[in-house]
Amino acid sequence: MFEQTFKNIDDILHKDAGCGSELDYVEQTSWVLFLKYLDDLEKDKATAAELSGKAYTNIISKEFQWTVWATPKDKDGKLDHHKALTGDDLKDFVDLKLFPYLKKFKADAESADTIEYKIGEIFSELKNRIQSGYNLREVINRIDELRFRTHAEKHEMSHLYEDKIKNMGNAGRNGGEYYTPRPLIKTIVKIVAPEIGNKIYDGAVGSAGFLVEAFEYLKHPSTSSGQRRELTTKEYEILQKKTFYGKEKKSLAYIIGTMNMILHGVEAPNIVHTNTLAENLADIQEKDRYDIVLANPPFGGKERAEVQQNFPIKTGETASLFLQHFIKIMKAGGKAGVVIKNTFLSNTDNASVSLRKLLLENCNLHTVLDMPAGTFTGAGVKTVVLFFEKGSSTKKVWFYQLNLDRNLGKGNPLNEKDLADFIELQKTKAESENSWSIAVKDLPDGKAGIDQKTFDLSAKNPNKKEEAALRQPQEILSAMKALDEESADILNSILVLI
């Protein structure tokens, strides 16, 4: 039901002059979806309060409730066309009354970790782009068909929303940068293994995929015997309010990330709309630090000179600035899994060399996962994942090169099975055809470490079997002759039977 509704909404928005691409469709669907979700959430809270004998006060005042302005119903539960606004009346109400009302929530909220604050922040960033009030009425009617009451309904909706984000990669305007393949994120979360009570941070939050998967991972913690258990009420409250933190520079990504977390069950995500790199590293204090960093900072971006002044190692490469930020903002003993371009391992410019030296001296870079081309649909870059812990220098780096027997692409994406061998070998950092270790400094047994001037960490696999050497022409011709003779024998035996 949900999937068909989304397709119908896209068809409606495709006809509207204000929506030009898949990015607009997601943005405009998001705000209407959010208000319907909020209405169902308020109904659930009112029911829960009634069952416990308490009174419930609605967040949204009467005039602006979904069932009043969007879908007033008659006594048969059908849309009351006499009361339901449409055309210019609906568009004027949304633009001139509803949005200004919802924006004010940000200033009036008690604190940033409340759903009231999130309502205000989302509607401060958004504007209604649907130009036709008749198209808007159709979208509202479609979204009103959706329910967010049961766990199964919320689960299905969250997955469909993820699919919409994934499809944005084809929409231009760098839509794809919001989406990291979920099998890779799940693997990174498993290796970093956050625990309840950790503060988890993504400073380039995008669609909040890392925070969503960390939430899913922590919702069912393992006991000492390896069994899954349910969360206590206190643990669930910690997950809701004191666990997940993110920052995002772009308005659309901020809205999508916030919506994605809300649909997955985090009621008031601690995601802030800000340029992470505008923060001076020298201003970060102990109270600002996090236990876990999970991130895939933008590839190939360039930052202005004034932003670069916030960092000890000056560079225009956005990902290199993010890496400095992550190292600084982690607590001592903190753990990280960060996706970065593979050229970071070997670039010879001064900034890259200095950054590798900083990472190796301040952190234990224990694992590097080398990903194949095509991991990121539509992005022509190869990536690695850096796994490190802050507080002690690196002695040895374990590398794993993901060699698949197929080419990755849109029709053949990465899956969790592809990464199963990596997860298993990483536990003991074992050597294999695809994995090996490099010492940072020369070892007593004469084994050379990495170059102490360049700190080059290029992922050159010493264990990979060489491809079979090309055969000599004479050998190939002899094999062809033998095959011809075999074919002739088979044909003759068939002719005898006829």
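The values are calculated or read from the model by the stated rules, or taken from the named source; none is laboratory data. Treat the numbers as computed from the prediction; the structure is a model and nothing was measured. Don't worry about glycine lacking a Cβ; one is built from the backbone with ideal geometry, like all the others, and counts go over all protein chains shown.
Observations, loosely collected:
- The residue that is surrounded by the most Cβ atoms within 10 Å (Cβ to Cβ), counting only those in segment 229-248 that are of a type in the set (D, E, K, R) and part of a helix (DSSP H, G or I), is Glu235.
- Scan of segment 107-147 for residues that are among the hydroxyl-bearing types (Ser, Thr, Tyr) and under 16 Å from Glu27 (Cβ atoms), ordered by number: Ser124
- Of note, Ser354 does not satisfy the criterion of being over 17 Å from Asn434 (Cα atoms) and in contact with an Asp or Glu (Cβ under 8 Å, 6 or more places away or on another chain).
- Residue ID - nearest to the chain's Cα centre (by Cα), chosen from residues in segment 69-94 that are exposed (fewer than 14 other Cβ atoms within 10 Å of the Cβ) and assigned to a helix (DSSP H, G or I): Asp92
- Residues (of a type in the set (D, E, K, R) and farther than 18 Å from Lys186 by Cβ) located in segment 209-266: Arg229, Glu230, Lys234, Glu235, Glu237, Lys241, Lys242, Lys247, Glu248, Lys249, Lys250
- From the options Gly226, Gly206, residue that is touching a Gly at 6+ places or on another chain (Cβ under 8 Å) and part of a loop (DSSP other than H, G, I, E, B): Gly206
- Residue under evaluation Leu13, criteria (1) in contact with a Cys (Cβ under 6 Å, 6 or more places away or on another chain); (2) loosely packed, with under 12 Cβ neighbours inside 10 Å; (3) among the hydrophobic types (A, V, I, L, M, F, W, C), criterion not met: (2)
- Top-ranked residue of segment 1-31 - restricted to ones that are assigned to a loop (DSSP other than H, G, I, E, B) and in contact (Cβ under 8 Å) with a residue 24 or more places away in the chain, ranked as farthest from Thr71 (Cα to Cα): Ser21
- Segment 309-343, residues that are in a helix (DSSP H, G or I), among the hydrophobic types (A, V, I, L, M, F, W, C) and either modelled with pLDDT under 95 or surrounded by 22 or more Cβ atoms within 10 Å (Cβ to Cβ) (or both): Ala319, Leu321, Phe322, Leu323, Phe326
- Of the residues making up segment 32-45, none is in the same structural domain as Tyr134 (by TED's automatic domain parsing), part of a loop (DSSP other than H, G, I, E, B) and more than 23 Å from Asp163 (Cα to Cα).
Conditions tested, residue by residue: (1) touching a residue at least 60 places away in the same chain (Cβ under 8 Å); (2) not β-branched (Val, Ile, Thr).
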| residue | (1), (2) |
| --- | --- |
| Leu281 | no, yes |
| Asp288 | no, yes |
| Pro297 | yes, yes |
| Glu306 | no, yes |
| Ile327 | yes, no |
| Leu345 | yes, yes |
| Asp349 | no, yes |
| Leu355 | no, yes |
| Cys363 | no, yes |
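- Subset of segment 278-299 (residues that are out of contact with any His (no Cβ under 7 Å at 6 or more places or on another chain) and part of a helix (DSSP H, G or I)): Ala278, Ala282, Asp283, Glu286, Lys287, Asp288
- Hits in segment 422-455 (condition: buried (at least 16 other Cβ atoms within 10 Å of the Cβ) and outside any strand (DSSP E or B)): Phe422, Leu425, Gln426, Lys429, Asn434, Val440, Ile450, Phe455
- Criterion: surrounded by fewer than 23 Cβ atoms within 10 Å (Cβ to Cβ), more than 13 Å from the chain's Cα centre (by Cα) and closer than 19 Å to Phe299 by Cα - qualifying residue of Ser251, Ser224: Ser251
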